[in-house]
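K.L.:
For reference, the structure I am asking about is given below.
The values are calculated or read from the model by the stated rules, or taken from the named source; none is laboratory data. Fair warning: this is a prediction, and the values are worked out from it, not measured in the lab. No Cβ is skipped: glycine too gets one built from the backbone with ideal geometry, and neighbour counts run over all protein chains shown.
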Amino acid sequence: MSPNSSDSKKAVPEEQKDAYQLSLHGEGLDFQRTVSERQALDLIAVVMGGGATEDRTLADPPERKPPTVKQVDRKGPQLSVGEYLSHVEARRNPDKITAIVAYLKVYQGRDRVHRKEIRDEFPKAGESVPGNFTRDLGLAVRTRWLATAARDEYYITQSGIAATEGGFSGDLVRPSAAKRRAGRKAAEPSE
């Protein structure tokens with residue numbers, strides 16, 4: 001799509017100054033039409049997997065977001081796991097663990113992921129494996145972003161999808177102080 005040139009020798013009618021030429025060609029199809037800038041933006045948004053635009057112009061394009069767990073085009077360019085962690089703003093270790101499980105679901109169609117596979121994705125993302133991986137995985141489960149499918153296998157929950165798509169703004173569910181004290185007492189040697 002390209003805007004009509006206003007500096008051509010023929011005068012462009014006022015209503016067509018912000019006009020764009022839409023062409024769609026394929027087997028048995030040859031479609032051409034002049035559309036407004038708003039229509040052009042709406043068409044681009046729909047084709048790229050989004051909805052209609054708000055009050056934008058082509059000079060103010062929408063911010064590009066990574067595909068969500070629900071809408072991914074497996075034929076389009078794939079983000080690396082590191083890019084995905086950046087795009088979903090996974091900063092804390094439980095965020096990263098959840099985002100990795102989401103990434104594996106989005107790009108590899110994996111519904112269940114073994115804990116070792118989650119650990120193995122950290123170096124691929126250019127990240128260090130968390131020093132206390134078990135604790136951080138447990139926090140992601142307690143926060144209900146992940147759930148246990150089978151022994152050492154996990155899947156992402158609706159809350160995990162929402163957290164991933166929302167930039168992990170929520171608080172983590174940590175064990176209560178009483179549980180932490182009970183755990184320390186159990187670990188202390190008896191006299």
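K.L.:
Here is a check on your reading of the model: is R135 basic (K, R) and in a helix (DSSP H, G or I)? Full working, then the answer.
P.N.:
Working: basic (K, R): yes; in a helix (DSSP H, G or I): yes.
Yes: the conditions hold for R135.
K.L.:
Now a separate question. So if I check each of G131, G166, which one is small (G, A, S) and at pLDDT below 95? Outline the logic, then answer.
P.N.:
Numbers: G131 fails: at pLDDT below 95.
Criteria check complete, one pass: G166.
K.L.:
For region 15-35, check the following and say yes or no: at least one residue is outside any strand (DSSP E or B), modelled with pLDDT under 70 and of a type in the set (S, T, N, Q).
P.N.:
Within region 15-35, one or more residues are outside any strand (DSSP E or B), modelled with pLDDT under 70 and of a type in the set (S, T, N, Q).
K.L.:
So, one more: Report yes if G160 is assigned by TED's automatic domain parsing to the domain that holds V106, in contact with a Ser or Thr (Cβ under 8 Å, 6 or more places away or on another chain) and of a type in the set (G, A, S), otherwise no. Spell out how you get there, then give the answer.
P.N.:
Numbers: assigned by TED's automatic domain parsing to the domain that holds V106: yes; in contact with a Ser or Thr (Cβ under 8 Å, 6 or more places away or on another chain): yes; of a type in the set (G, A, S): yes.
Taking the combined requirement at face value, the residue satisfies it.
K.L.:
Return the residue satisfying two criteria in turn: it lies in region 138-156 and is in contact with a strand residue (DSSP E or B) (Cβ under 7 Å, 6 or more places away or on another chain) and part of a helix (DSSP H, G or I), and of such residues it is nearest to N93 (Cα to Cα).
P.N.:
The qualifying residue nearest to N93 (Cα to Cα) is A140.
K.L.:
Give me a count of the residues in region 134-154 that are in contact (Cβ under 8 Å) with a residue 24 or more places away in the chain and either surrounded by 17 or more Cβ atoms within 10 Å (Cβ to Cβ) or more than 19 Å from the chain's Cα centre (by Cα) (or both). Let's see the steps before the verdict.
P.N.:
Taking region 134-154 and keeping what is in contact (Cβ under 8 Å) with a residue 24 or more places away in the chain, we get 136-137, 139-140, 142-146, 149-150, 152-154.
This time we only want the ones that are either surrounded by 17 or more Cβ atoms within 10 Å (Cβ to Cβ) or more than 19 Å from the chain's Cα centre (by Cα) (or both), so: 136-137, 139-140, 142-143, 145-146, 149-150, 152-154.
Total meeting the criteria: 13.
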